[in-house]
Every structure is written in C-alpha cells, then in structure tokens.
Amino acid sequence: MVFRPRGNLRHVDTRRLVPRTDLVLSDPRLVAAERRLGRTLVKAAVGRAQQRARDGQIAPEQVADAAVAELPARAAGLTPVINATGVLVHTNLGRAPLSAAAVDAIAAAAGSVDVEFDLAAGVRARRGADALDALAQAVPAAEAVAVVNNNAAALVLAATALARPDVSGSAEIVISRGELIEIGDRFRLPDLLACTGATLREVGTTNRTTVADYAEATGPRTAFILKVHPSNFRVEGFTAAVGVPALAELGDRHGAPVVFDIGSGLLVPHPLLPDEPSAASALRDGAALVTASGDKLLGGPQAGLLLGRADLVRRLTRHPLARALRVDKLTLAALEATLTGPVPPVAAALAADPAALFDRAERAVAHLAEAGLDARVVPASAAVGGGGAPGVELPSAAISLPESLAVPLRRGSPAVVGRLEGGRLLLDLRSLLPEQDEPLAAAILAAAQRLSP
C-alpha cells in the first residue's frame with residue numbers, strides 16, 4: 001500500500017531526517033577514527049555535526065562528512081606551535097623543544113621497558129640507571145646525581161631532607177635578600193621554602209650582600225647556605241654579591257653545605273653566556289649540591305637535576321619525599337637521549353650563525369614575495385628566555401609581515417607565534433630549526449589565503 005497525502009505537503013521538518021548517532025558512527029572513516037582517537041572524541045564530533053544539521057547549517061546527508069571534518073588531529077588538546085618569537089626557551093610554549101632523538105626515545109619508552117629491571121640478571125635494578133649515568137658523565141665533577149620532576153621539587157627536597165637531625169626545631173636556610181626571586185605566575189622562592197617548614201635567615205639587602213652578612217646568620221641551626229642565580233633579572237649599579245668559593249669556605253667552618261640553584265640547566269660553561277653559571281663551575285668552586293632545570297638550556301624534558309656530594313645526594317634520594325617527586329620512564333628516556341644524542345634544538349639555536357639566519361630569511365621572503373605578500377627581511381634581537389641569561393641579546397634575522405597575519409597564523413595548523421613590533425609581525429628565525437623554514441612559509445601562505453576576501 002502506498003500512502004498518498006491529500007493536498008500539497010507544505011513543510012517537512014528536516015530535523016527528522018538527521019541520521020541517528022549509531023548510523024553515523026558506522027561510517028568507515030569514523031570507525032577508523034575511533035580506533036585512533038577514542039569513542040568520546042569521535043562521538044562529540046558527530047554530535048556537533050548533527051546539531052549543525054538541526055540548525056539548518058548543513059543538509060542531513062552531510063552529517064558524516066561534517067563529523068569527519070570536525071575530528072581533531074590527535075587525542076590530546078595541545079596544539080603544535082612553530083615558535084617564531086625569538087625566545088629560545090619560551091615557558092608559555094613548553095620551554096625547550098626536544099631533539100628528534102629524545103622524541104624517538106619517548107616513543108620507544110611508551111610501552112613496557114626495563115626502567116627498573118635488570119634483563120640479564122632478571123632482578124630489580126636501579127631506576128633510570130642509564131639516564132643517571134649519562135648525567136654523571138656530562139658533569140664529572142659531581143660525585144653523585146639524581147633527577148626529580150622539576151627544579152622547584154629539587155629545592156623542596158633539599159630543604160626537607162637536609163634539615164640537621166642534631167638540632168631541634170625548624171631548619172634554617174641562609175639566603176641573600178637579593179636572591180629571593182619570583183620566577184613567574186606568582187611563584188616565589190621564599191614561599192616554596194617556607195612550605196617545607198624551614199626558617200629562612202635573610203641576609204644583606206636587595207642590592208648588596210657581603211660575606212659578613214652570611215657569617216652573622218650562619219651557625220649550629222643552619223641546614224645549608226642557599227645561593228640562587230637571579231636568572232630572569234639583573235641588578236646593576238651599587239651592588240655586591242658573594243661568590244660560591246667564599247660561601248663554601250664559610251660553610252665548611254660551620255658544617256653547612258652550600259646549595260646552588262643555578263636554574264637554567266647549563267651543565268658546562270658556554271662562551272656566549274659568560275655570566276651564566278654552570279653545574280661544572282659551581283661544583284668546582286665548592287658548591288656541595290647544585291640544582292637545575294632540565295628543560296631550559298640543557299634542552300631536555302622538564303626535570304629537576306641534582307648534582308654534588310654523594311652523601312648529600314643519598315640523603316635526598318632516600319628521603320620519603322623523593323618518591324613523590326620522582327620522574328617517570330618517559331622523562332628518563334628523553335633526558336638520556338638529550339645528554340647522549342645529537343645537539344638539542346636549544347643548543348643549535350644558541351649557536352646559530354647570524355649570517356646564516358639572514359640567508360634563510362631572504363630565501364623565505366623571496367618565496368613569499370612571489371606569492372604577492374608584503375614580506376621583508378629585518379634584523380632582530382633574540383633572547384634565551386625561560387629564566388636564563390637575562391639581558392643577553394642574540395643577533396638574529398626576522399621575516400616582517402603585516403600585523404593582520406598574527407591572528408590567522410596563531411589559529412593555523414601548525415600554529416605560528418611571532419612578536420609584534422612597530423605595527424608589524426616579526427617571525428624570528430633564531431628560535432626555529434632550518435627544517436622548519438618550509439612549514440613556516442606554507443603556514444604564512446595559508447594564513448594569507450584565509451585572510452584574503
């Protein structure tokens with residue numbers, strides 16, 4: 001029997017024609033995407049496409065295609081970014097980009113690995129032995145090394161574990177007022193140390209601290225003398241500070257070790273950064289324990305590095321708090337590959353030849369100009385960033401573009417982030433590897449195309 005409506009059918013509610021979720025999910029493309037992204041993300045994309053059909057934005061038969069177009073590139077929400085800011089270690093962009101070797105190491109460690117197991121003997125082994133050995137070989141002056149999840153954790157562990165057992169009450173940490181730093185996002189060093197229960201003995205003034213200031217505050221209750229490198233600011237003019245050798249001599253007289261937070265993670269001196277302390281130089285000068293970040297000048301993953309006297313490192317690693325601060329297998333894998341593999345991107349960018357940067361910029365601008373873009377090569381000054389080498393300017397070259405391209409570039413895939421100066425968008429090439437020049441040019445052309453009417 002065929003139903004034949006009487007009269008003219010004036011209206012059909014297209015919402016009734018929107019396909020059911022299960023039917024859309026059976027599309028082979030979405031079935032494959034579910035294996036890659038998971039059901040939750042795929043189903044959410046289908047739901048958005050169905051709603052567009054109900055709103056009349058697309059036809060019901062277009063729901064599956066729209067859902068496929070809605071799918072994210074990956075299961076995680078983080079968006080890959082081309083860092084063209086000229087800041088080599090950009091905290092907001094994840095600090096140090098990892099080397100290809102470190103990325104491969106992370107992928108290899110993603111499954112089951114011998115992170116704490118001796119395959120030859122079939123017994124439990126020292127956790128992360130290969131990464132720790134690589135760190136020790138990188139800084140031979142260190143009697144022992146350890147790794148926790150970031151530099152703040154390293155300081156918390158030191159403040160907690162190095163309290164003097166023969167002294168009742170809270171441990172005292174002697175520190176210059178000129179080194180009570182704030183890193184960013186309201187993170188303040190004195191607040192971090194105070195939360196461990198330690199008492200801070202602040203000495204000197206903001207601009208001047210002498211050995212006599214430290215000597216007056218150091219005594220039987222002193223757990224350690226803390227020196228902190230002011231890695232994100234400089235104090236100039238009428239100033240005075242005390243170096244590690246003098247502090248170490250003072251500490252030896254009172255049985256108080258010197259802990260030096262160098263911050264930036266420079267393991268050995270760098271010719272371009274003469275004022276940036278390294279772990280090797282700090283230990284050579286008499287520091288008993290050095291703490292540093294793994295994801296800054298070292299160019300590795302987020303980690304807190306501990307290097308120094310064997311007895312102190314052992315006290316830290318055997319403290320119960322160490323278990324709460326330990327790193328996972330992925331960090332250990334990336335750290336080892338950073339230490340033993342090829343030059344990491346941060347180190348390569350730091351050593352980049354300014355003339356080579358200009359050559360790269362000129363080639364990119366020529367390609368963009370052929371496409372009709374207003375692109376120019378301009379000199380620029382890059383920076384280390386990430387709380388390292390404040391005031392050090394690195395000569396660089398940048399691609400200058402109309403400011404209107406800033407937003408579409410940030411919204412592209414990959415996203416591109418530069419800096420605005422004088423009404424122009426500058427894309428600084430020192431913070432890019434040469435192999436990123438082609439993707440950068442493609443991203444610029446795509447952004448310009450989206451911007452054009």
Practice item. Sort out which residues of segment 248-284 are within 27 Å of the chain's Cα centre (by Cα) and among the β-branched types (Val, Ile, Thr), and write them in order of number. Key: Val259, Ile262, Val268
Check your understanding: Within segment 320-332, restricting attention to residues that are among the basic types (Lys, Arg) and either assigned to a helix (DSSP H, G or I) or open to solvent by less than 70 Å² (accessible area, probe 1.4 Å) (or both), which residue is nearest to Val148 (Cα to Cα)?
Key -> Arg323
Check your understanding: In this structure, does Leu405 turn out to be more than 30 Å from Leu298 (Cα to Cα) and buried (at least 17 other Cβ atoms within 10 Å of the Cβ)?
Key -> yes
Practice item. With respect to Pro439, determine if the residue is of a type outside the set (A, V, I, L, M), part of a strand (DSSP E or B), open to solvent by 50 Å² or more (accessible area, probe 1.4 Å) and at pLDDT 95 or above. Key: no
Exercise for review: Collect the residues in segment 201-240 that are among the aliphatic types (A, V, I, L, M), within 30 Å of the chain's Cα centre (by Cα) and open to solvent by 40 Å² or more (accessible area, probe 1.4 Å), keeping them in residue-number order.
Suggested key: Val235
Review point. Taking segment 78-101 as the search range and keeping residues that are open to solvent by less than 70 Å² (accessible area, probe 1.4 Å) and assigned to a helix (DSSP H, G or I), which one is nearest to Ala131 (Cα to Cα)?
Key: Ala101
Exercise for review: Go through segment 344-383 residue by residue and tally those that are hydrophobic (A, V, I, L, M, F, W, C), in a loop (DSSP other than H, G, I, E, B) and either loosely packed, with under 14 Cβ neighbours inside 10 Å or touching a Lys or Arg at 6+ places or on another chain (Cβ under 9 Å) (or both).
Suggested key: 3
Exercise for review: With the condition kept exactly as written, say whether any residue in segment 303-312 is open to solvent by 60 Å² or more (accessible area, probe 1.4 Å) and not β-branched (Val, Ile, Thr).
Suggested key: yes
Check your understanding: Among the candidates Leu78, Leu98, which residue alone is at pLDDT below 95 and under 29 Å from Val343 (Cα atoms)?
Key -> Leu78
Practice item. For Leu335, indicate whether it is open to solvent by less than 40 Å² (accessible area, probe 1.4 Å), in a helix (DSSP H, G or I) and under 23 Å from Asp428 (Cα atoms). Key: no
**Study point:** Subset of segment 401-435 that is among the acidic types (Asp, Glu) and not in a strand (DSSP E or B) - its residue that is nearest to Val377 (Cα to Cα)
**Key:** Glu403
Review point. List the pairs whose first member sits in segment 294-314 and is over 14 Å from Ala131 (Cα atoms) and touching a residue at least 12 places away in the same chain (Cβ under 8 Å), whose second member is among the acidic types (Asp, Glu) and open to solvent by 20 Å² or more (accessible area, probe 1.4 Å), and whose Cβ atoms are under 8 Å apart, counting only residues at least 6 apart or on separate chains?
Key: Gly308/Glu143; Arg309/Glu143; Ala310/Glu143; Val313/Glu143
Check your understanding: Could you list, in sequence order, the residues of segment 22-53 that are touching a helix residue (DSSP H, G or I) at 6+ places or on another chain (Cβ under 6 Å) and more than 26 Å from Leu78 (Cα to Cα)?
Key -> Val24, Asp27, Ala53
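Residue-by-condition table, conditions (1) more than 17 Å from the chain's Cα centre (by Cα); (2) at positive phi; (3) not hydroxyl-bearing (Ser, Thr, Tyr):
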| position | (1), (2), (3) |
| --- | --- |
| Val42 | yes, no, yes |
| Gly56 | yes, yes, yes |
| Ala59 | yes, no, yes |
| Glu70 | yes, no, yes |
| Leu93 | no, no, yes |
| Val113 | yes, no, yes |
Check your understanding: Given Gly423, Gly385, Gly412, which one is closer than 20 Å to Ala96 by Cα and among the small types (Gly, Ala, Ser)?
Key -> Gly385
Check your understanding: Out of the residues in segment 253-286 that are open to solvent by 40 Å² or more (accessible area, probe 1.4 Å) and out of contact with any strand residue (DSSP E or B) (no Cβ under 9 Å at 6 or more places or on another chain), which is farthest from Val174 (Cα to Cα)?
Key -> Pro271
Revision key, fill the gap. In segment 280-318, residues that are over 24 Å from Leu350 (Cα atoms) and of a type in the set (Asp, Glu) total 2
Study note, to complete from the structure: Considering residues that are in a loop (DSSP other than H, G, I, E, B) and touching a helix residue (DSSP H, G or I) at 6+ places or on another chain (Cβ under 8 Å), the number found within segment 54-77 is 7
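The values are calculated or read from the model by the stated rules, or taken from the named source; none is laboratory data. Fair warning: this is a prediction, and the values are worked out from it, not measured in the lab. Note that we place each Cβ from the backbone using ideal geometry, even for glycine, and neighbour counts take in every protein chain shown. Remember, those area values only see protein heavy atoms, side chains included, never the ligands or the DNA or RNA. Shrake-Rupley method; radii C 1.70, N 1.55, O 1.52, S 1.80 Å.
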